[in-house]
Structures are given as structure tokens and as C-alpha cells.
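Below is one structure, written out as C-alpha cells, with a few remarks after it.
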Amino acid sequence: VISASSRSIWTRTEAIDDRRSMRGCVSNNETLSMVDASNYHGYDTDFDWDRRFFIPFIRNFCLYYKFIPLLLGIIMNWLIIFKSPSYSNEYRRSLAFYHIAEFVFDIHHFILFVPYPIFPHPIFLCFGLLCELGGPPNLTVILTVVSAVFTAISNFLLIFIRMRTIVPKDSRFRLTMRQSVIIMGSMFAFYLVNILTFSLFTRDSENKTEILKRSEFAWVNEAPGALVFGEMFELGPLNIPIGWLSFCVIYGFIMFPGIIIYTAVSLAKEKTRIVHVKKTKDNATKMLMIQLFGAVFTYISPLFVFFATLKFGMPTSNPNFHSSIRFFWMFLFLNNSMVCYSIHLVMNRSYQK
């Protein structure tokens, strides 16, 4: 009877274990112990492709390629200030602000930070100048958020001003100054809160030393700096800034198309009154639309993927696929400014003399 009871308890225990939630797919790495495997929720810890191919490529890419976007950034701002059409100084100033924000973004990511995440494991590697000089890794992530926020704000401001500019001043659909201040002010406030939340809650885990002593992460100590948020899916206070950032991303996805649709509807209803509006050679509206889609693909999408994998993991068990995903989105993120510069130079006919 005792034996049968023991077997019954053991069977129920196995059933409970079999039903435990798995945030990822089952690992193929047989070197992990049962304890380690449960710590990583079934994810493999093979970073072979990252270490052999992708991290060296990103480091060399930032080291040698950085001069191209930085030089283009200087040329772009010179062209905007001195060679752009002067029909709208308000739009020209917002365009210059946007490209200055992109230039600062490049300085940070190509020189100061040189990041490489190994998500869904909550670890950020830093190979930039700040980490080589002994700066705290959490500072690089905070500065990333600062540059990202001002780039997003400048992009929003640019779109808003352009859409407001092309609507006739005497149109009843044109937003008043008060309405403009409310819309832009609320957006600025929402995005600036990201700087505060990441500054307060972005820090190394208390278990960082223990985590980096594990054989699967020992190689991380070779990097000049590393920010370790903690164990997988146990982000603690970091959930607060990630949650607020998610809200801002959703807000941006609603607000950007909303402004464009509102402007398009306004112009359609006022079409008889804008027939004689002077056409310019800068292709400004079309160029801005393409830049917006480029920014979504190379800027907003990588940020979303980075933090979504921290929270929800990857959809596959293949570690090489994980490495490829990390590299692909990191490469797009670093080339965000080049997309904007290239589109502006190719499409703006006022520069093509």
C-alpha cells in the first residue's frame, strides 16, 4: 500500500513537472545540467556564431565604417542650412534638428557604445570607448535611450510641422497653435519619461558576478563592459521602463499615421483651394513619407524586437537562428541614419545641380 501510494505521489509530481510553463523551446544542448536548463527555460546557450562571426563583424563595422555616416551627417546639415529652399524656415529648422539628432545617435552607437545584445538572455555587451575607459555599462544604455528619445521626438516634430505646413493657413482643418502645443507637448512628455525610467531602473543585477562565472557566459568577461539585467524573464524593476517604452511605441504607431491621415483628409476636402500652391523642388512630403517607413523598419522595429525578446523570448530552439536574428536587427539599427541620409540626398532635387 505504501509502495503504491509512493508511486501515485511520484506520478502526480511528474505530471506537475511535465506541465511546467516553458517560455522557449526545448534545448538541444546536452551539456547543460537539469538545473541550468531550468534556469534558461529550455533555451540553448550556444553563442558560437555570435563569437566567431557576428560580434567581430559589428566591432569592425563600427570601427571602419563610422566615418561614412558621420561625414554624411555633417554634409547633410550643411545642405539643409545653406542649400535647402527657404520657403519654410520652420520646416527647415525641424529637418536640421532631426538630422542633428541622427548625427548624435551615430556618435554614440559607432564610437561610445558599440552595442551587441545577446537577447533573450538579458545581457548587453559594450565594446565602445566609454566601456574601454572604464565607464559603467548602464550609462551607455541610458545614453542610448536619451539619443533614441530625441531622435524619435525630432522625427515626430518634423512630420507634424510638415503636415501642418502644407495645409492652407486659412483652412478650418489647420490646427491652431494651442492644439499643436497640446499634441506635441504631450508627445514630448511621454517620450521624455523614458529617460527618467531607464535612468532609475537600468542597473546590473545583484547576481551579475555569479551569472558571469557560469561556463556558458564566461566569455562575456572578455568584453570591455557588459550590463547584466538578471536571470531570463526575471527582469524585476526593468519591467517598468520596458512597459512605458512599449506604451510609447504603441502611441507612436497610432500618432504618426493619425497625423498623416488627418492631413490627407484635410487636403482632400480643401482640394479646390490648394490648386495654386507653389510646388517646390525638394520632394519634401514624398521624401518624408519614405523616411518615416525607413525609420519604422530600421529604428522602431529593432527596439521593439530587442525588448520583446527580453520579455517573451524567441520562437525557435535553434541557437544559430537566434544569433542571426540578433545580428540582423542590430545591423539595421546601426544603419538607421544612413537610410535617412540616403533618401534625403537621392530624392531632394534641389541638391542635384
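The values are calculated or read from the model by the stated rules, or taken from the named source; none is laboratory data. As the structure is a computational prediction, the values presented were derived from the model and not from experiment. Every residue, glycine as well, gets a Cβ built from its backbone with ideal geometry; the counts of neighbours run over all protein chains shown. Calculation scope for accessible area: heavy atoms of the full protein, side chains included, ligands and nucleic acids excluded. Shrake-Rupley method; radii C 1.70, N 1.55, O 1.52, S 1.80 Å.
Summary table
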| item | result |
| --- | --- |
| Exposure ranking of Val265, Val228 by accessible area [1.4 Å probe, largest first] | Val265, Val228 |
| Probe 1.4 Å - accessible area at Lys83, Å² to nearest ten | 100 |
| Accessible surface ranking that places the most exposed of Tyr299, Tyr65 first, with a 1.4 angstrom probe | Tyr65, Tyr299 |
| Gyration tensor (alpha-carbon) shape descriptor, region 68-212, a/c threshold 1.5 | oblate |
| Exposure of Phe173 as accessible area (Å², to 10), given a probe of 1.4 Å and all protein chains | 30 |
| FRET efficiency, Tyr262 to Lys213 (Cβ-Cβ, R0 51 Å, nearest 0.05) | 0.35 |
| Given Lys66/Lys169; Lys213/Lys311; Lys286/Lys311; Lys83/Lys169, the pairs whose alpha carbons are separated by over 31 Å | Lys66/Lys169; Lys286/Lys311 |
| Of the trypsin sites (Lys or Arg not before Pro) in region 126-192, those whose Cβ has at most 11 other Cβ within 10 Å and which sit in DSSP loop | Lys169, Arg172 |
| Residue-level accessible surface for Phe67, protein heavy atoms, 1.4 Å, Å² | 130 |
| Which of Ile161, Val141, Leu125, positive extreme of dipole for region 121-193 (C-beta unit charges) | Ile161 |
